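First up is the structure itself, then whatever we jot down about it.
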Amino acid sequence: MDAVNLLGFDLEGLAAYCEQLGEKRFRATQLFRWIHQKGASDFAQMSDLAKSLRDKLAGRAHITALPVISEHLSADGTVKWLFDVGQGNAVEAVFIPEDDRGTLCVSSQAGCAVGCRFCSTGHQGFSRNLETSEIVAQLWYAEHSLRKRLNTQERVISNVVMMGMGEPLQNYGALVPALRVMLDDHGYGLSRRRVTVSTSGVVPMIDRLREDCPVALAVSLHAPTDALRDQLVPLNKKYPIAELLDACNRYLDKAPRDFITFEYCMLDGVNDTPEQAQELVKLLRGHVSCKINLIPFNPFPASGLKRSPRERVMAFAEVLIKAGIVTTVRKTRGDDIDAACGQLAGEVQDRTRAHVRMVRAPVVVKNGAGKSS
């Protein structure tokens with residue numbers, strides 16, 4: 001039987017595993033702290049565990065991070081790691097330091113099957129879901145390697161955003177135990193407000209997350225109408241905007257914040273006019289408590305899209321702010337190492353023929369009269 005990577009267990013799972021070994025629950029708590037709070041990977045280091053348990057674990061389990069293929073440091077302090085997940089696939093994670101927080105952007109899949117028009121990962125296609133151990137390993141490695149680099153025992157990562165490669169809610173079974181590790185006081189002890197799942201709008205899974213593990217929610221909206229969002233976010237054809245907003249309102253009943261964040265990538269001549277800002281106001285104001293995060297697009301050749309000029313982004317934001325909608329413009333971080341939003345690509349052995357599927361005609365934008373422009 002293959003040895004088990006203990007990074008794949010939340011505390012309940014680890015307790016069940018220890019029971020199989022004939023051990024009591026408190027041993028699982030001790031072990032969990034050693035792994036996640038202290039970053040230990042050698043059972044011999046775990047001095048308060050009985051030697052008999054350490055011997056059992058040494059033969060049946062391991063604590064193994066993902067192999068690091070490369071590490072890049074941006075001029076602004078952002079760090080990007082490329083992790084090997086086997087069979088020619090690699091995923092990326094990014095650490096973004098700020099004065100009041102340290103945020104880690106974590107991947108959930110090798111590639112992505114959603115195929116959003118403006119996302120570099122989507123253009124690479126999809127290979128497979130990551131296992132819980134592979135999701136947690138990104139945080140485990142980043143937290144403890146950064147502590148060594150900064151020569152501190154204090155927690156470095158205060159926020160985790162599931163905004164790396166992949167659609168987290170399409171890997172739900174592995175995602176939820178990983179979230180529980182992040183939130184557990186015996187693990188990383190992160191607040192539910194400081195762990196964010198970003199989704200392109202998988203409505204049934206938003207409802208499940210609300211019941212199972214409600215953390216902060218960010219929704220990739222990117223358009224004020226179904227006609228345009230169908231072209232930018234293909235999942236919209238299955239779960240259109242009205243259904244998505246209904247799910248967001250249901251989620252707010254148990255969410256740790258009293259608003260949903262809507263991500264809106266600003267695309268030149270596609271979704272960035274004052275008229276579209278007014279449509280967005282009409283769509284959201286009074287219908288769902290929200291904050292809008294306007295994201296400067298990070299161009300890549302296969303997209304056929306361009307970044308909106310800053311003046312147009314600010315004019316769009318002004319319309320929203322005047323309407324009373326909390327609006328921010330995301331700062332681009334790590335773009336000199338391709339670590340900014342929408343740039344994560346890694347290496348994907350595509351099983352979905354994305355290079356064929358995503359050769360598309362230009363986005364067609366309808367004007368107010370319903371004519372193409």
So the FRET efficiency between residue 311 and residue 98, C-beta based with R0 = 22 Å and rounded to 0.05, is 0.30
Roughly how big is region 1-119's charge dipole about its Cα centre, with Cβ charges of +1 (Lys, Arg) and -1 (Asp, Glu), in debye to the nearest 20? 460 debye
Answer with one residue from 50, 321, 256: the one whose Cα lies farthest towards the positive end of the charge dipole of the chain, charges on Cβ with Lys, Arg +1 and Asp, Glu -1. 321
Which shape class, rounded, prolate or oblate, goes with region 4-62 when its Cα gyration tensor gives a ≥ b ≥ c as root eigenvalues, a/c under 1.5 marks rounded, and past that a/b bigger than b/c marks prolate? rounded
Dipole of region 77-205, positive end: most advanced residue of 176, 158, 129 [Cβ charges, Cα centre]: 158
What's the exposure ranking of 162, 205, 314, going from fewest to most Cβ atoms within 10 Å? 314, 205, 162
What percent of all Cα-Cα pairs in region 1-150 falls in each 5 Å bin, counting up from 0? 2, 8, 16, 19, 17, 14, 12, 7, 4, 2, 0
Region 65-82 to region 1-59: how many Å between their Cα centroids? 29 Å
Filtered hits (aspartates and glutamates, Cα-Cα < 17 Å from residue 238, offset >= 8 within chain) -> 167, 207, 226, 230, 246
So which trypsin sites (Lys or Arg not before Pro) in region 97-180 are both in a DSSP loop and have at most 15 other Cβ atoms within 10 Å of their Cβ? 155
Quick shape summary for region 149-196, equivalent ellipsoid via Cα gyration tensor, semi-axes whole Å in descending order, reads 22, 13, 9
Between residue 242 and residue 60, what length in nm is gained on full extension when 0.36 nm per residue of separation is reduced by their alpha carbon distance? 60.5 nm
Which FRET efficiency value, to the nearest 0.05, do you get for residue 38 and residue 212 by plugging their Cβ-Cβ distance into 1/(1 + (r/R0)^6) with R0 = 22 Å? 0.20
Considering Cα pairs under 8 angstrom that are at least six residues apart, work out the relative contact order of region 68-357 and quote it in whole percent. 22 percent
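Values quoted throughout were computed directly from the atomic coordinates according to the rules given, and no laboratory measurement underlies them. Note that the structure is predicted; figures quoted are calculated from it, not measured. Note: ideal-geometry Cβ built from the backbone for every residue, glycine included; neighbour counts use all protein chains shown.
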